[in-house]
Amino acid sequence: MSGKRRTGSDTTPLLGKQQQPLHQHRSHSLPNRTSSPTSQTLSIEMASTNLSASSSSLPLRSVFLGVDVGTGSARAGLFDENGKLLGSSSSPIQIWKEGDCVEQSSTDIWLAICVAVKAACSIANVSAEEVKGLGFAATCSLVAVDSDGSPVSVSWSGDSRRNIIVWMDHRAVKQAERINSSNSPVLQYCGGALFPEMQPPKLLWVKENLKESWSMVFRWMDLSDWLSYRATGDDTRSLCTTVCKWTYLGHAHMQQNEEKDSRNMESCGWDDEFWEEIGLGDLVDGHHAKIGRSVAFPGHPLGSGLTSAAAQELGLLPGIPVGTSLIDAHAGGVGAMESVPVSDSEAQVNDKEALCRRMVLVCGTSTCHMAVSQSKLFIPGVWGPFWSAMVPEYWLTEGGQSATGALLDHIIENHIASPHLANRAASQNISIFELLNKILETMMLDLKLPFLASLTEETHVLPDFHGNRSPIADPKAKGMVSGLILDTSEKHLALLYLATVQGIAYGTRHIVDHCNAHGHKIDTILACGGLAKNPVFIQEHADITGCPIILPRESEPVLLGAAILGAVAARKYSSVHVAMKALNAAGQVIHPSKDPKVKKYHDAKYRIFRDLYKQQLSYRSLMAQALA
């Protein structure tokens with residue numbers, strides 16, 4: 001992830017008018033934030049003034065607010081009772097990258113949220129009185145705070161602002177290897193092994209390398225849990241975050257899910273032996289106070305709602321219900337998984353079976369592949385099965401690619417033709433991706449080729465530039481490019497871009513095939529996120545996987561998923577799944593090509609894709625022997 005989270009008006013072209021966002025508050029890059037806290041305060045005050053002036057004459061509605069913190073920005077979106085986006089806004093967040101270490105600041109993120117929420121309310125002409133529920137989603141980054149809630153540094157620099165280890169941070173590769181050697185039973189619920197992006201390896205790294213910080217931390221929290229804690233003062237953790245990133249065994253609460261009233265539950269899903277065995281037994285102390293003494297299903301109302309202090313900072317009213325949070329990709333699943341055409345949903349007699357045939361791709365800086373099942377499926381190299389971590393009462397399977405939007409950024413920005421191409425795109429008022437897609441179309445016509453994909457006949461990309469998360473689960477995997485020549489033209493960059501898109505899509509095919517070989521029956525894909533607005537990206541995924549791809553009606557499904565948490569917390573809906581059925585809606589459907597030549601071509605390239613990793617392993621072995 002050059003660390004950008006792909007957003008609606010970022011650098012990805014839109015597929016159609018129904019995907020157009022209702023706002024233009026987007027960040028195009030990830031530089032350090034240039035605005036000071038003072039300028040942010042001014043922005044908040046201006047937005048607040050606009051809010052009161054613009055909304056005073058409008059009738060009151062029931063509106064639900066979703067907040068999503070991605071890798072590069074904090075975003076806020078407001079939705080009506082039909083799941084329609086009324087308006088949204090974003091504000092950039094600071095990020096520090098030094099080698100494998102990637103860090104952020106919880107103080108900076110909260111300030112950005114305040115800016116985004118007030119601006120979104122102003123844009124949507126929504127008054128504070130109309131906001132009836134609030135939900136948070138965020139990357140699965142690790143937050144450290146002391147007993148006063150102040151940030152504790154997790155950085156070699158000692159800078160206390162840098163109290164978040166970002167999800168994509170790979171400093172804990174060795175710690176993950178040691179943890180995996182324990183062969184603990186909890187690992188079977190993580191695809192057989194922990195990835196360095198999960199929280200236990202990162203916690204162990206801090207304990208071993210930053211002893212002073214380790215002794216100061218009073219709470220270790222997933223970012224989305226910290227946001228809900230910051231908003232309500234309630235330290236209850238989400239089943240989504242704890243199960244998916246902390247090895248919490250959510251199925252310990254299967255019986256409690258049948259109870260009528262939602263409530264927070266004493267955390268009985270921690271495996272104390274696991275924590276003690278890996279050298280983190282001190283986190284078991286105090287009934288797991290530092291990592292989660294109580295948990296709740298996503299959407300459970302927290303505390304007494306929004307605190308007075310948080311309400312004042314956000315420009316909202318105290319007491320607004322706040323739902324237990326979700327990881328951002330999982331919020332995308334909640335905001336998209338029921339987005340099927342009406343005719344399809346009416347024809348499906350077995351609604352549960354139909355749901356289990358879908359996979360949601362949340363395509364941004366990285367891509368997450370979310371599928372659910374009624375029974376638990378253990379799939380080597382794929383995270384899960386996670387019970388009730390996304391859709392209540394379903395087991396979640398979570399595949400992923402650690403760098404997709406980030407990889408495309410990397411490929412483009414590091415090509416010598418990139419600056420000139422960017423200037424051309426800017427002069428035409430289009431994104432660089434739109435211009436690349438036009439170049440590809442022209443090349444295909446000039447060469448009289450039968451279809452666009454055939455341009456990359458001699459260029460092949462293994463997209464594991466940040467390791468392979470699924471299904472190989474090899475954090476040491478490297479990216480590979482076959483077919484480079486002495487060409488620095490824009491056309492060459494376009495070919496490399498297309499081959500990279502295809503490599504990413506072959507990775508998705510690998511995940512889908514692997515999941516289906518272990519019990520899933522995935523035949524439909526729903527895609528959301530910035531990359532889903534790129535027609536070449538989506539068509540290549542459809543052709544390569546052989547699955548139709550449905551795009552949600554709303555352009556911001558992650559924000560919708562977060563807003564659904566607020567709607568459930570406000571008792572507008574009895575459960576997250578009921579809310580999904582009511583508020584999800586389908587947009588455009590992209591079908592695979594019916595040309596058998598296209599399938600034959602991609603089948604051949606997929607074989608090359610699989611062989612590239614096998615070759616890498618053989619090279620790795622040869623060099624290890626040479627250095628032994």
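Quick look at the values:
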{"item": "Of residues in segment 409-461 being assigned to a loop (DSSP other than H, G, I, E, B) and over 30 Å from residue 596 (Cα atoms), the one nearest to the chain's Cα centre (by Cα)", "result": "431"}
{"item": "Filter pass, residue 207 being more than 25 Å from residue 366 (Cα to Cα) and part of a helix (DSSP H, G or I)", "result": "yes"}
{"item": "Any hit, segment 315-336, residues being over 22 Å from residue 563 (Cβ atoms) and either modelled with pLDDT of 95 or more or in contact with a Cys (Cβ under 6 Å, 6 or more places away or on another chain) (or both)", "result": "no"}
{"item": "Cβ pairs under 6 Å, 6+ apart, first in segment 428-450 and of a type in the set (S, T, N, Q), second surrounded by fewer than 20 Cβ atoms within 10 Å (Cβ to Cβ) and in a loop (DSSP other than H, G, I, E, B)", "result": "431/13"}
{"item": "Given (1) over 21 Å from residue 141 (Cα atoms); (2) in contact with a Ser or Thr (Cβ under 6 Å, 6 or more places away or on another chain), index of the condition residue 421 fails", "result": "(2)"}
{"item": "Helices (runs of 4 or more DSSP H) contained entirely in segment 545-628, each with at least 1 residues that are in contact with a Pro (Cβ under 6 Å, 6 or more places away or on another chain), of a type in the set (A, V, I, L, M) and assigned by TED's automatic domain parsing to the domain that holds residue 65", "result": "557-569, 576-583"}
{"item": "Per-region count, segment 513-542, residues surrounded by 24 or more Cβ atoms within 10 Å (Cβ to Cβ), assigned to a helix (DSSP H, G or I) and within 18 Å of the chain's Cα centre (by Cα)", "result": "5"}
{"item": "Subset of segment 572-583 that is in contact (Cβ under 8 Å) with a residue 60 or more places away in the chain and not hydroxyl-bearing (Ser, Thr, Tyr) - its residue that is surrounded by the fewest Cβ atoms within 10 Å (Cβ to Cβ)", "result": "581"}
{"item": "Residues located in segment 584-628, provided they are touching a helix residue (DSSP H, G or I) at 6+ places or on another chain (Cβ under 6 Å), farther than 30 Å from residue 81 by Cα and either among the aliphatic types (A, V, I, L, M) or loosely packed, with under 12 Cβ neighbours inside 10 Å (or both)", "result": "598"}
{"item": "So residue 497, is it more than 20 Å from residue 596 (Cα to Cα) and assigned to a helix (DSSP H, G or I)", "result": "yes"}
{"item": "Segment 366-416: number of residues that are among the acidic types (Asp, Glu) and either closer than 19 Å to residue 192 by Cβ or at pLDDT below 95 (or both)", "result": "2"}
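One line per residue, one yes/no per condition, for (1) in the same structural domain as residue 316 (by TED's automatic domain parsing); (2) over 27 Å from the mean Cα position of the chain (by Cα); (3) touching a residue at least 12 places away in the same chain (Cβ under 8 Å):
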{"site": "208", "(1), (2), (3)": "yes, yes, yes"}
{"site": "211", "(1), (2), (3)": "yes, yes, no"}
{"site": "222", "(1), (2), (3)": "yes, no, yes"}
{"site": "225", "(1), (2), (3)": "yes, no, yes"}
{"site": "228", "(1), (2), (3)": "yes, no, yes"}
{"site": "232", "(1), (2), (3)": "yes, no, yes"}
{"site": "243", "(1), (2), (3)": "yes, no, yes"}
{"site": "250", "(1), (2), (3)": "yes, no, yes"}
{"site": "255", "(1), (2), (3)": "yes, yes, no"}
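Quick grid of which residues meet (1) within 26 Å of residue 402 (Cβ to Cβ); (2) part of a strand (DSSP E or B); (3) of a type in the set (D, E, K, R); (4) assigned by TED's automatic domain parsing to the domain that holds residue 528:
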{"position": "309", "(1), (2), (3), (4)": "no, no, no, no"}
{"position": "312", "(1), (2), (3), (4)": "no, no, no, no"}
{"position": "317", "(1), (2), (3), (4)": "no, no, no, no"}
{"position": "329", "(1), (2), (3), (4)": "yes, no, no, no"}
{"position": "353", "(1), (2), (3), (4)": "no, no, yes, no"}
{"position": "362", "(1), (2), (3), (4)": "yes, yes, no, no"}
{"position": "368", "(1), (2), (3), (4)": "yes, yes, no, no"}
{"position": "378", "(1), (2), (3), (4)": "yes, no, no, no"}
{"position": "384", "(1), (2), (3), (4)": "yes, yes, no, no"}
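The values are calculated or read from the model by the stated rules, or taken from the named source; none is laboratory data. The model shown is predicted, which means the values in this text are computed figures rather than measured ones. Here the Cβ is made from the backbone with ideal geometry for all residues, glycine too, and neighbour counts use every protein chain on show.
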